[in-house]
Amino acid sequence: MPAAQGPLQRATLSVQIAERIRDDILSGAYPPGAQLHEVELALSFGVSRGPLREAMQRLVQEGLLRSAPHRGVFVPELSEADIVDVFFVRATLEAAAVRRIVESERRQEVARALAGIADRMDRALKSGDRATGGELDFEFHRTLVDAAGSERLSRTYATVQAETRLCLHRLMDGYRSSHDLADEHHRLARLIGGAPADAVLEELQRHFGDPTKHLRKAG
């Protein structure tokens, strides 16, 4: 069920509403194809429909909702082409971040931060906590992109990462094992610390793999 709702402060009303709906979508409380009803949500949040519409429009721009004229607003049902496109854009943005990082004086610092996240991921997965392991996977890649020091790159990536979460709801059953996932992040961290850019990018592409293969395994 969606998270419990309650009164909100007026100052950042639409932002807070967007955060709550975003969390519910990404947690699977609203499954792919689910319709979000304005009247029900407005009553649940205790708000007028104005800030609710602003919040939903924000999520449409993020790709977490889709607006169908004369029908309403829905959680996207991603096609194979959608998933391939999301991973293409994600790989392109992360590759740009890698190129900047390996040319910077901070690459060792970045590598240590990423290795620390990979260590935490490994411990979580070995203890059977796949949810935390998955969150650390997202944290690893977000940290990688943020380390490039580009506000615009990070802002664009945030949208793509949100869509990636939707993709993983479909890919999870065909995804790599937990053991492989932790090892891959450790290897990426090591390479970022000292390998040539081409070697890092080759490993990054191997890490992403072919989303269509994962999709077919899951199906």
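The values are calculated or read from the model by the stated rules, or taken from the named source; none is laboratory data. Bear in mind the structure is a predicted one, so any value in this text is a computation, not a measurement. As a convention, Cβ positions derive from the backbone with ideal geometry for all residues, glycine included, and neighbour counts pool all protein chains shown. Side chains included, ligands, DNA and RNA excluded: accessible areas come from the protein's heavy atoms. Shrake-Rupley method; radii C 1.70, N 1.55, O 1.52, S 1.80 Å.
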Subject >> Between 0 and 90°, nearest 10: helix 178-194 axis offset from the chain longest Cα axis >> reply: 60 degrees
**OP:** Enumerate the calculated ³J(HN,Hα) couplings along region 134-149 in order (Karplus 6.51 cos²θ - 1.76 cosθ + 1.60, θ = phi - 60°), each rounded to whole Hz, writing x wherever the residue is Gly or Pro.
**Re:** x, 5, 5, 4, 5, 4, 4, 6, 5, 5, 4, 5, 4, 5, 5, x
**OP:** Would you check the accessible area of S27, probe 1.4 Å, heavy atoms only, in square angstrom rounded to 10?
**Re:** 80 Å²
**OP:** Determine the order of R22, R155 by accessible area, beginning with the largest, at a probe radius of 1.4 Å.
**Re:** R155, R22
Subject >> Sequence-separation-based contact order of the chain, relative, with Cα cut under 8 Å and 6+ spacing, percent >> reply: 22 percent
**OP:** Assign one of three labels to region 75-132, namely rounded, prolate or oblate, based on the Cα gyration tensor with a ≥ b ≥ c the square roots of its eigenvalues; rounded applies when a/c is under 1.5, prolate when it is not and a/b is larger than b/c, and oblate otherwise.
**Re:** oblate
Original post:
Hey, what angle do you get for helix 49-62 against the long axis of the chain, alpha-carbon based, 0 to 90 degrees rounded to 10?
Top reply: 30 degrees
Original post:
Within the accessible area of the chain, what % is carbon and sulfur when the probe is 1.4 Å and the other protein chains stay in place?
Top reply: 50 percent
Subject >> Extreme residue, positive dipole direction of the chain, given options L52, M121, T164 (C-beta unit charges) >> reply: L52
Subject >> Rough spin-label spacing in nm, given labels placed 7 Å along Cα→Cβ, for A158 and H70 >> reply: 3.6 nm
Original post:
Angle, helix 107-126 long axis vs. longest principal axis of the chain, Cα atoms, 0 to 90°, nearest 10?
Top reply: 70 degrees
Original post:
Heavy-atom accessible area per residue, region 7-100, 1.4 Å probe: how many Å²?
Top reply: 53 Å²
Original post:
Based on Cβ point charges of +1 for Lys and Arg and -1 for Asp and Glu, what charge dipole magnitude is obtained for the chain about its Cα centre, in debye rounded to the nearest 20?
Top reply: 240 debye
Original post:
Summing Lys, Arg as +1 and Asp, Glu as -1, what charge do residues with Cβ under 14 Å from the Cβ of E38 carry, E38 excluded?
Top reply: +1
Original post:
Going toward the positive end of the dipole of the chain, with +1 on Lys and Arg Cβ and -1 on Asp and Glu Cβ, which of H70, V39, L26 do you reach last?
Top reply: V39
**OP:** Sort out the exposed loop GluC sites (Glu not before Pro) in the chain (DSSP loop, at most 12 other Cβ within 10 Å) and tell me the longest stretch that has none.
**Re:** 106-219
